[in-house]
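Engineer: Right, I'll just put the structure down here and ask away after.
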Amino acid sequence: MDLAVGLICFLPTFAIFAKVLLPRIEKTLKAREDAIDGTVERAIAVHEEARHIHAEYQAELSAARHEAARIRQTAAEEGAALLASVRAEGQKQRDDLVAAARAQLEADLIIAEAELREDVFNLATALAGRIVGEPLIDLPKARTISDEFFATADVKSSATK
């Protein structure tokens, strides 16, 4: 009889559990499972999107680095070209200054030689006049002799150079 009483109590309790509580428990478990699966799927989607964004970021960063390197290379090339241009201009100006200075020196040398020759001629004429005892300044031949002397002196000095 205990078995019959236990069975009578158990069957209605089981029927209530089977009809009312188990569907609610299954519904709650299903909702939790769907929530967990949805969360996992969303997490996977977010992870994939983050990986995609990271890959785009890395690509943009790499492109920016390449662009910066290209800009640095271009700036270095332009700087080198500008430096070469400035050096060439400075070299040209230096050469022009040296040429102008040489021309001025040659002109000054010619003027100095002419003045020196005139001074030497005057001193030689005065000295010769003192030796002879009369002034030789009026003699036209003195100028010719002086010019011939300096012409031969120029030929000798050119040969030794």
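The values are calculated or read from the model by the stated rules, or taken from the named source; none is laboratory data. Keep in mind that this is a model prediction, so the values were computed, not measured. Quick reminder, even Gly has a Cβ in these numbers, built from the backbone with ideal geometry, and neighbours come from all protein chains shown. What goes into the accessible areas is simple: the full protein's heavy atoms, side chains included, and nothing from ligands, DNA or RNA. Shrake-Rupley method; radii C 1.70, N 1.55, O 1.52, S 1.80 Å.
Engineer: Could you work out how far apart the two model spin labels at ILE131 and GLU48 are, taking each label as a point 7 Å from the Cα in the direction of the beta carbon, and quote it in nm?
Structural biologist: Inter-label distance under the simple model: 12.1 nm.
Engineer: Expressed as a whole percent, how much of the Cα-Cα distance distribution for the chain exceeds 19 Å?
Structural biologist: In whole percent, the share of Cα-Cα pairs in the chain beyond 19 Å is 83.
Engineer: Would you mind working out the magnitude of the charge dipole of the chain relative to its Cα centre, with +1 at each Lys and Arg C-beta and -1 at each Asp and Glu C-beta, to the nearest 20 Debye?
Structural biologist: In total the dipole reaches around 880 debye.
Engineer: Could you pull the Rg and Dmax for the range 41-127, using just the Cα atoms, both in Å?
Structural biologist: 36.8, 125
Engineer: Output needed for the range 50-96: three equivalent-ellipsoid semi-axes, defined as square roots of 5 times the C-alpha gyration tensor eigenvalues, in descending order, whole Å.
Structural biologist: 45, 4, 4
Engineer: Could you tell me which of CYS9, ALA107, VAL86 has its Cα farthest along the dipole of the chain towards the positive end, charges placed at Cβ (Lys, Arg +1; Asp, Glu -1), taken about the Cα centre?
Structural biologist: CYS9
Engineer: Summing -39500 (n - 2.57) over the DSSP H runs of n ≥ 4 in the chain and dividing by its residue number, what mean residue ellipticity at 222 nm do you reach, to the nearest 500 deg cm²/dmol?
Structural biologist: My calculation for the chain gives -34000 deg cm²/dmol from helical runs alone.
Engineer: Determine the share of the chain's accessible area contributed by carbon and sulfur atoms, expressed in whole percent, with a 1.4 angstrom probe.
Structural biologist: 66 percent
Engineer: Computed over the Cα atoms of the range 85-134, what is the convex hull's projected area averaged over all directions, in nm²?
Structural biologist: 3.3 nm²
Engineer: Right, another one. Given points 7 Å out from each Cα along the Cα-Cβ axis, report the TYR57 to LYS30 separation in nanometres with one decimal.
Structural biologist: Output for this residue pair reads 4.1 nm.
Engineer: Can you tell me how much longer the chain between ALA107 and PHE10 gets when fully stretched, taken as 0.36 nm per residue apart minus their C-alpha distance, in nm with one decimal?
Structural biologist: 21.1 nm
Engineer: Give me the 1.4 Å probe accessible area per residue for the range 77-124, excluding ligands and nucleic acids, in Å².
Structural biologist: 83 Å²
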